[in-house]
1. Restricting the first residue to segment 17-30 and requiring it to be surrounded by 14 or more Cβ atoms within 10 Å (Cβ to Cβ), which pairs with a second residue that is part of a helix (DSSP H, G or I) meet a Cβ separation below 8 Å and a spacing of at least six or different chains?
2. Among the residues of segment 140-183 satisfying the criterion of being without any contact (Cβ under 8 Å) to a residue 24 or more places away in the chain and part of a helix (DSSP H, G or I), which is surrounded by the most Cβ atoms within 10 Å (Cβ to Cβ)?
3. For segment 112-129, name all the residues that are surrounded by 16 or more Cβ atoms within 10 Å (Cβ to Cβ) and either in a loop (DSSP other than H, G, I, E, B) or in contact with a helix residue (DSSP H, G or I) (Cβ under 6 Å, 6 or more places away or on another chain) (or both).
4. Determine, yes or no, whether residue 50 is surrounded by fewer than 11 Cβ atoms within 10 Å (Cβ to Cβ), in a helix (DSSP H, G or I) and outside the structural domain of residue 151 (by TED's automatic domain parsing).
5. Could you check segment 54-77 and list, in sequence order, the residues that are farther than 23 Å from residue 91 by Cβ, outside any helix (DSSP H, G or I) and touching a residue at least 12 places away in the same chain (Cβ under 8 Å)?
6. What's the number of the only condition in (1) outside the structural domain of residue 54 (by TED's automatic domain parsing); (2) surrounded by 19 or more Cβ atoms within 10 Å (Cβ to Cβ) that residue 132 fails to meet?
7. Being at pLDDT 95 or above and not in a helix (DSSP H, G or I) is the filter here, so list the residues in segment 189-238 that pass it.
8. I need the full set of residues from segment 100-110 which are more than 14 Å from the chain's Cα centre (by Cα) and either touching a residue at least 12 places away in the same chain (Cβ under 8 Å) or crowded, with 16+ Cβ neighbours inside 10 Å (or both), in order please.
């Protein structure tokens with residue numbers, strides 16, 4: 001590793017109400033982390049989103065690749081953080097889904113003899129990544145995943161996804177500096193209802209491992225949810 005890069009190519013827009021504040025906090029947080037890693041920080045901003053507004057979900061890989069190539073003389077190999085694991089790779093309906101589903105192929109196609117872009121971390125899923133950083137001192141102090149606020153709100157989809165993964169790994173208390181763990185514990189039943197909805201009803205792969213672990217750990221609770229859902233879905237007798 002030679003550099004840490006933070007890009008704003010439109011990813012902040014469409015998520016946060018106060019984009020300037022969130023971006024300022026994200027950059028400031030990165031500035032605190034990089035000296036501890038003894039690596040220089042590269043910050044890149046673009047007005048691309050203002051000129052050509054797009055839903056970032058469907059174009060983020062392409063936009064980030066533009067940023068990588070804007071500084072292509074700086075690096076020979078670029079490690080791009082993956083979203084999905086290799087096991088979730090899919091080309092189905094590829095014009096109507098997040099390109100992260102087929103990102104390893106895209107990044108390989110975007111690579112050249114002079115610049116190789118790797119989908120880094122695709123060998124594992126989100127829970128594997130949480131397990132990997134759960135005991136890291138920097139992650140425990142600076143992790144920010146929220147898509148609502150400049151801090152981790154604990155109730156948005158990404159905060160809940162992360163909290164459920166930490167719960168499955170028995171590492172919740174490690175992240176008290178960046179999450180309100182007491183609030184999560186108080187509302188854990190609602191979090192498990194959310195987990196059931198995301199995995200069992202929606203088949204969201206992000207929640208597969210957390211569901212497998214937590215549904216075994218709390219069998220009675222999830223069995224009760226399952227029974228209630230099936231009762232509601234069962235055709236009414238006339």
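1. Once the first residue is surrounded by 14 or more Cβ atoms within 10 Å (Cβ to Cβ) and sits in segment 17-30, its partners that are part of a helix (DSSP H, G or I) give 29/142.
2. 159
3. 115, 117, 119, 121, 122, 124, 125, 126, 127 - these are the residues of segment 112-129 that are surrounded by 16 or more Cβ atoms within 10 Å (Cβ to Cβ) and either in a loop (DSSP other than H, G, I, E, B) or in contact with a helix residue (DSSP H, G or I) (Cβ under 6 Å, 6 or more places away or on another chain) (or both).
4. It is true that residue 50 is surrounded by fewer than 11 Cβ atoms within 10 Å (Cβ to Cβ), in a helix (DSSP H, G or I) and outside the structural domain of residue 151 (by TED's automatic domain parsing).
5. Taking segment 54-77 first, the residues farther than 23 Å from residue 91 by Cβ are 67, 69-77.
Narrowing further to those that are outside any helix (DSSP H, G or I): 71-77.
Residues satisfying the conditions are 71, 72, 74, 75, 76, 77.
6. (2)
7. 218
8. Residues satisfying the conditions are 102, 103, 104, 105, 106, 107, 110.
The values are calculated or read from the model by the stated rules, or taken from the named source; none is laboratory data. Quick caveat, the model's predicted, so the values are computed rather than measured. We place every Cβ from the backbone using ideal geometry, glycine too, and count neighbours over all the protein chains shown.
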